[in-house]
Amino acid sequence: MSMIEISNVTKRYGAATVVDKVSMKVEKGEITVIVGTSGSGKSTLMRMINRLVPITEGEIFVGGQNVMDVEVTELRRRIGYAIQGHGLFPHRTVAQNIATVPQLLEWDSKRIAARVEELLGLFNLDPAEFADKYPHQLSGGQQQRVGVARALAAEPELLLMDEPFGALDPVIRGKAQDDLLAIQKQFGTTIILVTHDMDEAFHLGNQIAVMSQGRMLQCSTPEKILTEPADPFVQQLTGTSDRALKLMSLLPLKESMEPAKTGLAYALPQSLSLRDALAEMIWQGVDEAAVQDNAKAPVGSISMSRLLELGRKA
Ligand SMILES: Nc1ncnc2c1ncn2[C@@H]1O[C@H](COP(=O)(O)OP(=O)(O)OP(=O)(O)O)[C@@H](O)[C@H]1O
């Protein structure tokens, strides 16, 4: 069974159906991003997972257990929740904010202090400087990091994030996304994240779920969303103008290269995406380049014409 299984879930408010028979699966250690227009039911779907919103019909399983069979406090302990605007407690210090759930769980004070320090370090906030500050003494980006650190404090198996970076300016937002990816890798946390930002979805998601008017139109890998949109709305949402480039940024050079050749003056690492390879070749002004493995041994080659052909196919 997948880490999360949502099966035919519906939410109605009176006569209005705001989530309509949605089913989806989320694998352990993956990031699923839910996108869709405003009011399409993204937040409602997510909030049914930790039972902040009662389910009208259908079932949700987390770690093989029906969420209705788990006591709400126990469920929320297992599921971290981070929201836009971070929701920090204004009269608690940074350290006290992060310690909220561990304290509820009655961890001993040494373990709490160690966890707070670990998380501050991971989010590049020097504990000596930040632990005793209050939220209003931090920048927006720092507050956001504390909000995510707090959601991760009790080592949740699942982290739900509702527009976590919505309030951040684009530069800090990119940094926050990279931090999240690094931390997700380190802890292996399963994440479901709601966003309006398609670039964020493609940057972060192993899986992208597209919602419209309460229905789940498609839930698949970013590549599939781009190459096999299940619905004109999906195609429209993912955009057409930079579709090829988006797809190229998801495709590894390693899988598209041609056989190795001698006499190529310029070499690219095989770990690059096709988009980065194209950017490098344009920047260096070369038509053809060798491809190297991590030990800098030649493993293939790539030409500009091949890259453009792959881009056109995309
Ligand atoms: N408590 C409620 N009572 C009645 N209707 C509600 C309630 N909560 C949400 N809705 C409605 O359900 C629909 C879905 O809301 P939801 O917040 O899930 O959408 P969303 O996709 O997350 O939107 P946004 O991107 O704007 O945050 C909306 O039309 C909203 O007005």
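Read-outs: derived from the displayed coordinates by stated rules, not from any lab. The shown structure was predicted, so the numbers you read here are calculated from the model rather than taken from an experiment. A quick note on method: Cβ atoms are made from the backbone with ideal geometry, for glycine too, and the neighbour counts reach across all protein chains shown.
Quick notes on this one:
- Residues in segment 32-54 reached by a label modelled at F187 [backbone nitrogen below 19 Å; 7 Å Cα→Cβ]: 32-34, 47, 49-51
- Here T56 and L308 are evaluated by their C-beta separation; at R0 = 51 Å the FRET efficiency comes out at 0.50.
- For the chain, modelled as a GNM whose springs connect Cα atoms under 10 angstrom apart, the maximal fluctuation among D162, D132, D20 occurs at D132.
- Taking each DSSP H run with n ≥ 4 as -39500 (n - 2.57) and averaging over every residue of the chain yields -11000 deg cm²/dmol at 222 nm.
- Here the label points at K261 and T221, each 7 Å from Cα along the C-beta direction, are separated by 2.9 nm in the simple model.
- For A167, nonlocal amide neighbours, meaning residues 5 or more places apart or on other chains whose placed amide H falls under 5 Å from its own, are G85.
- Coupling constants for segment 4-9 follow from the phi torsions by the Karplus curve (6.51 cos²θ - 1.76 cosθ + 1.60, θ = phi - 60°), and in residue order they are 10, 10, 10, 10, 6, 8 Hz; glycine and proline get x.
- Restraint check, K224/K296; K28/K110; K254/K296, Cα-Cα greater than 25 Å: K224/K296; K28/K110
- For segment 64-81, 3J(HN,Hα) per residue [Karplus equation, 6.51 cos²θ - 1.76 cosθ + 1.60, θ = phi - 60°, Hz, x = Gly/Pro]: x, 9, 5, 4, 6, 8, 10, 4, 4, 5, 5, 4, 6, 5, 7, 10, x, 9
- A simple rule links phi to the HN-Hα coupling: the Karplus curve 6.51 cos²θ - 1.76 cosθ + 1.60 with θ = phi - 60°, which for segment 298-303 gives x, 10, x, 9, 8, 10 Hz, with x for Gly and Pro.
- Amide H to amide H distances under 5 Å link Y81 with L160, where only residues 5 or more positions off or on other chains count and H is placed in the peptide plane.
- G36 long-range amide H proximity, modeled H, under 5 Å: M211
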